[in-house]
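One structure is given here, and the rest of the page talks about it.
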Amino acid sequence: MHLLEESFQEIKRTVQTKDTFQNITILSPVETLRSIKPVDVCCVTKNLLEFYMDRVFKDHQELKPQILRKISGIANTFLYMQKTLQQCQVQRRCHCSEEATNATRTVHDNYEQLEIPSAAIKSLGELDVFLAWIDRNRQETSAA
Amino acid sequence: MAGVDRMLHCKRNVPGQSKSAKQTLTMVLKGFRTSIIMWLFYTLIPCLLTDGGEALPAPQNLSVHSANMKHLLMWSPVVLPRETVYYSVEYQGEYESLYTSHIWIPSKWCSPIEDAECDVSDDITATVPYNLRVRAILGSQTSAWSILEQPFNRNSTILTPPGMEVSRNGFHLVIELEDLGPQFEFLVVYWRRELDTKEHAKVLRRGGIPVHLETMEPGAPYCVKAQAQVKAIGRNSAFSQAECVEVQGEALPLVLALFAFVGFMLILVVVPLSIWKMGQLLQYSCCPMVVLPDTLKITNSPQKLISCRREEVDSCALAVPSSEELFQAWI
C-alpha cells in the first residue's frame, strides 16, 4: 500500500497542477469518506475501485510515458485489489447498504458535473485521498 | 457441312483480309505482352519495396526468467552482419488488456536497448498477468512485434533463501542479510543449540544492514536461520541453512584467575620491598646521620670542659679546642 502511495506521490504534483477546477471535489470531502461506517467500507471501496477503473483511468488520455507508467501501476493494483474484494463478496461480507449506495452515487454525480477530461484529471488528483482512506481502513481491520 | 464450308470459307481469306488479321494478331500479342509486363511490374514492385522489412526479422523465443522479484525478459538476438540491431520492449497489464486493449506502454529501461534481454522489474508493478512484446529496430526499419506466449504474473517468481552472514562482536550476536529491495522482509529465527530453550523470532524490514540479535552467554552455541517474505505476492522463501556461533566463556576466567594470582603475589612481594627501599632513600637524602670521626670525639664531660674554659682559659684553650673550631678548620 505504501508503495502505491509513494508511486502516486511522484506524479501527484504534475497531475494536480493540471486540475483547473479547484473549488470542486469529486470524491466528496474527506469528512464524508471518514463518515463511512466500518460495515460499509467493503462496498464503498469496491464501488470506488470500479469508478476509477471504469471511468477515470479510461477517460484520461495520458501522453507522457512516465505518468502513463505510474497510472498503469495504480490501475493494475486496483484490479488486483478488486479481485481480492470479490472473494469477500462471494462470502457475503460485502453488503451494500443504502448509505453506501448513496455515497457512491454522489461521487458519480460530481464526476458528471464536469467535462470528461477535466473530471478525469481531477479524480486522478484526488487519488491520494482515496489511497489514504483505503490504508486507514486496512490498518483498522488488521488491528481489530 | 455448311459449318465446315463456313470455316473453310472463313479460312479461305482473300489476300487483303489476311493482312489485317496479321495486324490484329500482332496488336493482340503486343497487348498481351504489355499486360504481362504490367502484371510482373505490379507484383514485383511490392516485393522490391518490402525487401528491407523482411530482412529485419522479429525476435524469437521470448521468455521470462524471474527470481527474487527480479524479472528478466529474454529473446534470441537478431544477428545481421556489420549491423547493430536495437530492440524495443512494451508491456500491457491485465487492466490495459481488459479496458484499453490498444494501449501498450514502453518499458522504462528498454526503449530502446542493445542487449537481447530486458529487466522489466520496474514495469511489472502489480500482481496481475502482464503481456510483453519486443521488436527489432535497425535505423528507420522496424520488425514485426513478437509477443510473449504466456502472460507473466510476478507471483510466479522463484524465492531463494536469503544470503546471511552471522558474526560475533564481543558478546553480541550480529546478523546481516542480503539486500533484496523494498519488496522484501525477513523472518530471523535463532536458538541455543544443545539446550532445551525455545526459539526466538525477529522480523527485519530491510537487508544490507548489520542487526544485533542477542547478547550471548558462554556455554552452548547460538544458531540462526532466516526466511525471505514478500507481502505483495503473499509468498515466502525456504529457510536458509542454520549458522552457529559461540562465545568462549569457560577458559577465559581460569586464565584471568591465574594472571590475577600471579599479579597479587608480585604485589605482595614487590610493594613492601619498594616501600622499604624508598624509605631508605628518603632517609639518606633528607635526614642523613652524621657520625663524628674518633679524633673529634670528646671523652671528658661537658661540665669539666666548661669549668676548664672559665678557670684556665689559655691552658684549656690549648689543650682542648672547641668542636666548632675544629669543624670549621676541618671543613
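Only the coordinates and a few stated rules stand behind these numbers; no lab work does. Computed from a predicted model, the values in this text were never measured in an experiment. Cβ coordinates were reconstructed from backbone atoms using ideal geometry, including for glycine residues, and neighbour counts include every protein chain displayed.
So, R0 is 22 Å and r is the distance between the beta-carbons of A:Ile24 and B:Tyr99; what FRET efficiency does that work out to, to 0.05? Calculated value: 0.30. Straight-line cross-link reach from B:Lys297 at under 28 Å between alpha-carbon atoms covers no lysines, not counting any fewer than eight positions away in the same chain.
How would you classify segment B:40-191 from its alpha-carbon gyration tensor, with a ≥ b ≥ c the square roots of the eigenvalues: rounded for a/c under 1.5, else prolate if a/b is greater than b/c, otherwise oblate? Note, shape of segment B:40-191 comes out prolate.
Look at the alpha carbon pairs under 8 Å that are at least 6 residues apart: their mean separation over the length of chain A gives a relative contact order of 48 percent.
Within the straight-line cut-off of under 22 Å between alpha carbons, the lysines reachable from B:Lys30 are B:Lys19, B:Lys22, sequence neighbours fewer than 8 places apart in one chain being disregarded. The mean sequence distance of close C-alpha pairs (under 8 Å, at least 6 residues apart), as a share of the length of segment B:74-182, puts its relative contact order at 23 percent. As a proxy for reagent exposure, ranking A:Tyr80, A:Tyr52 by other Cβ atoms within 10 Å from fewest up yields A:Tyr80, A:Tyr52.
Across q = 0.12, 0.22 Å⁻¹, segment A:2-143 modelled as identical point scatterers on its alpha-carbon atoms has Debye log10 I(q)/I(0) values of -0.47, -1.59, in the order of the q list. Placing +1 on the Cβ of every Lys and Arg and -1 on the Cβ of every Asp and Glu, with nothing else charged, gives segment A:2-143 a dipole about its Cα centre of roughly 380 debye. Only lysines eight or more places from B:Lys198 in sequence, or on another chain, were considered; those with a Cα closer than 30 Å are B:Lys225, B:Lys231.
Computed from the C-beta positions of B:Ala260 and B:Val189, the FRET efficiency with R₀ = 51 Å rounds to 0.80. Exposure proxy ranking for A:Asp40, A:Asp59, A:Asp54, B:Asp294, based on other Cβ atoms within 10 angstrom of each Cβ and starting from the fewest, stands as B:Asp294, A:Asp54, A:Asp59, A:Asp40. Between B:Ile233 and A:Thr106, the modelled label-to-label distance comes to 4.1 nm, taking each label 7 Å out from Cα in the direction of the beta carbon.
At a 10 Å Cβ-Cβ cut-off, how would you order B:Met27, A:Met53, fewest neighbours first? Kindly include the intermediate steps, with their values, before the conclusion.
Details: B:Met27 10, A:Met53 20.
Ascending number of Cβ neighbours within 10 Å: B:Met27, A:Met53.
Eight or more residues apart or on different chains, and alpha-carbon atoms under 16 Å: count the Lys pairs in segment A:2-143 matching that. Final tally of qualifying lysine pairs is 9.
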